[in-house]
Amino acid sequence: MTDHIFPPSLALRALSSGPYRNAAYAISELIDNSADAKAKFIAVALIVDGSSRPSEIAVLDDGTGMDRELLRRCVQYGYGESGDERELGEGTKSRAGKRLGKFGVGLVAASFSQCSDLQVMSWQQGETAAGVVPTTRLRLSDESGIEDNLLPDTFHEKVPDWANSAFFGLPEPISELKSGTLVVWRDVSTTHRRRAGTLRKHICDLCGRIHRELIRSKSLWILVNVFDRVSDEVIDSAWAPPVDPTFLTNWDEDALKKDGFVDNETLFVPYTGHPDDAGKDIDGEYQPQMKTIKGPDGGLVGHYLLTASYRRSRVATDEKLKVDYKDPGQAPFGKLANRLRGVSLMRSGREIELDPAWLRGDRTVDRWVSVSIDFDPDLDEVFGVSNDKQQVRGLSDLASTPLKEIKERLKELREEGDIEEDWRNIRCLEVTKQIKELLSDMQRIVGKQRKNTRGGKNGGSGTGDPYTPSVGELKQDGDALSANGREIPMDSTEPSSDSEKTAEAYGNTLAGGEPAREVRPLEVMQNHLKLDYVLDPHGPATKMFSFAVGPGHLIVRFHEKHPLSETMAWLLDSGHSGDGDEDSDSEGGDDNQDIGERPGVEEALRVIRGLVASFVRSQAEADNLQRFEEVRALDTSLSLWSEKATYVLEWEE
């Protein structure tokens with residue numbers, strides 16, 4: 001009897017809980033394979049059977065296809081082809097001749113993270129998809145075949161009848177493609193099944209961002225369809241645009257022209273890092289900075305491109321934008337900039353992740369600055385690229401570390417470290433230092449733009465960006481918090497219940513100076529910590545809540561744009577306010593009973609209040625003590641949790 005270290009059935013099932021955050025990220029892996037096969041057109045079909053959620057997902061490309069041996073091995077974990085290298089278009093900023101694949105794990109890992117039945121059909125020149133084509137299939141339900149740990153044999157099968165209709169919109173129907181590959185995921189896990197329309201949009205946005213260099217250079221086109229097999233027609237369709245987080249190219253010029261942008265005027269302008277260029281709106285073709293990484297012996301290891309950009313100064317000063325939106329952050333492009341906030345980590349023109357941990361996240365200047373780093377695959381080991389191409393650990397692990405600490409570590413390793421052992425760490429620290437210095441410089445530039453647009457005696461006006469206390473602005477003095485010199489005792493026994501005081505203290509955190517009557521304070525005492533809950537219509541939609549300081553209490557700001565915030569605020573208020581639902585039509589019974597008075601609910605609400613209070617208290621205390629890394633870790637964890645909450649709500653729709 002043969003005992004496997006990794007039982008095959010368990011190993012394959014483990015892939016179903018793999019690193020891919022959702023179906024869009026998994027599909028991007030298949031697109032990598034298609035791009036390496038020199039495909040020009042790729043189509044994704046989300047197949048529904050009269051319902052709103054896909055039961056199958058299919059991906060078709062017009063690449064070179066696979067021969068029988070490669071087709072048989074394509075479902076072997078860790079098998080990758082080292083064939084011809086793909087040449088990128090002339091307009092692409094990345095280096096040419098670098099494959100997007102890494103270790104040959106993408107097809108199997110991505111597929112079984114989303115489904116339990118994988119089928120791959122592929123044909124080459126001289127064959128046709130009009131008849132039967134070479135096929136392989138791997139099912140998790142095939143226990144005997146999996147336990148034998150043997151690759152399934154290839155066989156011939158007819159291309160599904162629905163394929164021509166499902167990929168409607170391509171220049172050629174599948175039956176006329178001279179070569180290509182069709183991947184079909186069956187038994188798509190319900191855990192990953194969003195509504196098809198939502199998933200279509202998410203795939204366009206994400207894959208458009210991940211593969212933006214190929215799309216922008218017109219080397220690759222990605223079509224995403226929602227196909228209803230019952231009616232045999234495409235009910236929703238779109239091409240993925242090149243979504244650029246640096247905003248140095250525009251993919252929706254018509255929308256920007258409506259807001260007064262002219263010709264090819266971009267939302268952001270490049271930052272060269274040169275002092276003479278700081279604050280200038282530099283236009284024209286921008287060439288990223290080419291940097292090199294050298295090994296311990298001084299030899300060249302690889303190259304990377306560094307691109308930095310910040311918002312055009314006119315965005316902060318344009319009178320039309322002030323009239324239309326009051327705050328540019330509330331314009332469609334401002335909301336988009338907030339969604340694309342972070343540092344873009346790219347490998348050979350393919351984005352691995354857009355990491356928001358490099359930025360604090362709740363400061364409004366953060367949405368208006370951007371950095372992108374695009375490196376050679378030769379630097380995979382230096383930067384710590386994961387096998388699934390989902391993380392760049394060598395850089396991401398340093399993202400939330402303060403610049404001061406980065407400089408101290410770098411100095412220590414240079415002076416006392418072993419160059420042979422520590423050179424990779426040194427290079428990661430050097431690159432991190434470059435990125436953080438660029439971000440810091442651009443944040444200062446954007447801060448000056450904001451300052452120059454504010455009016456009034458105190459430099460504040462309704463047209464300024466929302467103000468959020470930054471790290472270190474809260475200080476500790478004995479047992480009291482202080483803000484702007486005001487003592488705030490943390491153990492006061494009188495709850496804050498004056499809505500005007502709350503609004504007055506909170507007013508500076510709202511763009512446009514929100515009137516007192518529009519701020520809804522929800523008071524709660526939790527472990528002698530006085531908290532006021534308010535709904536903030538201007539907070540980022542990516543995070544459920546943050547905190548600010550008021551006189552004698554902390555303010556928990558539920559961001560109204562997050563889909564769960566208003567419900568959460570209402571629930572927390574319901575346990576003690578005693579107010580019923582004014583819109584309720586029911587008479588008597590549990591439906592008219594205050595939710596906080598229902599059996600078991602009050603205890604749950606008490607626990608939720610305690611969780612929110614403890615989180616806010618932890619972040620406030622860490623901020624006071626200037627434990628920067630702890631503050632950023634808490635902020636990042638809240639952002640990730642809030643993002644997952646959004647996904648869950650969308651799945652439940």
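Contact annotation: residue pairs with Cβ atoms under 6 Å, 6 or more positions apart or on different chains, pairing a residue in segment 361-382 that is among the aromatic types (Phe, Trp, Tyr) with a partner that is open to solvent by less than 10 Å² (accessible area, probe 1.4 Å) and outside any strand (DSSP E or B), are 368/446. Does segment 213-231 contain any residue that is part of a strand (DSSP E or B), in contact (Cβ under 8 Å) with a residue 40 or more places away in the chain, open to solvent by 40 Å² or more (accessible area, probe 1.4 Å) and not β-branched (Val, Ile, Thr)? Yes, some residue in segment 213-231 is part of a strand (DSSP E or B), in contact (Cβ under 8 Å) with a residue 40 or more places away in the chain, open to solvent by 40 Å² or more (accessible area, probe 1.4 Å) and not β-branched (Val, Ile, Thr). Has segment 305-326 got any residue that is surrounded by 18 or more Cβ atoms within 10 Å (Cβ to Cβ), in contact with a Gly (Cβ under 8 Å, 6 or more places away or on another chain), of a type in the set (A, V, I, L, M) and at pLDDT 90 or above? The answer is yes, given that some residue of segment 305-326 is surrounded by 18 or more Cβ atoms within 10 Å (Cβ to Cβ), in contact with a Gly (Cβ under 8 Å, 6 or more places away or on another chain), of a type in the set (A, V, I, L, M) and at pLDDT 90 or above.
For segment 116-126, the tally of residues that are without any contact (Cβ under 8 Å) to a residue 60 or more places away in the chain and either in a strand (DSSP E or B) or acidic (Asp, Glu) (or both) stands at 1.
Among the residues of segment 350-368, those identified as open to solvent by less than 10 Å² (accessible area, probe 1.4 Å) and touching a Leu at 6+ places or on another chain (Cβ under 6 Å) are 350, 352, 366. The number of residues in segment 175-199 that are in contact with a Leu (Cβ under 9 Å, 6 or more places away or on another chain) and farther than 25 Å from residue 116 by Cα comes to 1. Conditions first: (1) under 28 Å from residue 321 (Cα atoms); (2) over 23 Å from the mean Cα position of the chain (by Cα). Residue 228 passes all but one, so which condition is the exception? Residue 228 satisfies all of (1) under 28 Å from residue 321 (Cα atoms); (2) over 23 Å from the mean Cα position of the chain (by Cα) except (1).
Of the listed requirements (1) out of contact with any strand residue (DSSP E or B) (no Cβ under 7 Å at 6 or more places or on another chain); (2) surrounded by 18 or more Cβ atoms within 10 Å (Cβ to Cβ), residue 407 misses just one: (2). So is residue 420 assigned to a strand (DSSP E or B) and more than 30 Å from residue 258 (Cβ to Cβ) or not? In short, no. Of the listed requirements (1) of a type in the set (Ser, Thr, Tyr); (2) modelled with pLDDT of 80 or more; (3) more than 33 Å from the chain's Cα centre (by Cα), residue 128 misses just one: (2). Can you give me the number of residues within segment 154-205 that are more than 25 Å from residue 50 (Cβ to Cβ), assigned to a helix (DSSP H, G or I) and of a type in the set (A, V, I, L, M)? Number satisfying all stated conditions: 0.
The residue that is farthest from residue 336 (Cα to Cα), among those in segment 532-559 that are at pLDDT 70 or above and among the aliphatic types (A, V, I, L, M), is 555.
In segment 232-257, which residues are free of Cβ contacts under 8 Å to residues at least 40 places away in the same chain, acidic (Asp, Glu) and surrounded by fewer than 17 Cβ atoms within 10 Å (Cβ to Cβ)? Passing the criteria: 252, 253, 254.
In segment 330-343, the qualifying residues are those that are farther than 17 Å from residue 639 by Cβ and in contact (Cβ under 8 Å) with a residue 24 or more places away in the chain, and the one that is surrounded by the fewest Cβ atoms within 10 Å (Cβ to Cβ) is 332.
To keep it simple, each residue is scored yes or no on (1) open to solvent by 20 Å² or more (accessible area, probe 1.4 Å); (2) among the small types (Gly, Ala, Ser); (3) at pLDDT 90 or above.
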{"site": "35", "(1), (2), (3)": "no, yes, yes"}
{"site": "44", "(1), (2), (3)": "no, no, yes"}
{"site": "57", "(1), (2), (3)": "no, no, yes"}
{"site": "65", "(1), (2), (3)": "no, yes, yes"}
{"site": "71", "(1), (2), (3)": "no, no, yes"}
{"site": "75", "(1), (2), (3)": "no, no, no"}
{"site": "102", "(1), (2), (3)": "yes, no, no"}
{"site": "114", "(1), (2), (3)": "no, no, no"}
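The values are calculated or read from the model by the stated rules, or taken from the named source; none is laboratory data. Note that this is a predicted model, so its numbers are computed, not measured. Neighbour counts run over all protein chains shown; Cβ positions are idealised from the backbone, glycine included. Just the protein is used for accessible areas: all its heavy atoms, side chains included, with ligands, DNA and RNA removed. Shrake-Rupley method; radii C 1.70, N 1.55, O 1.52, S 1.80 Å.
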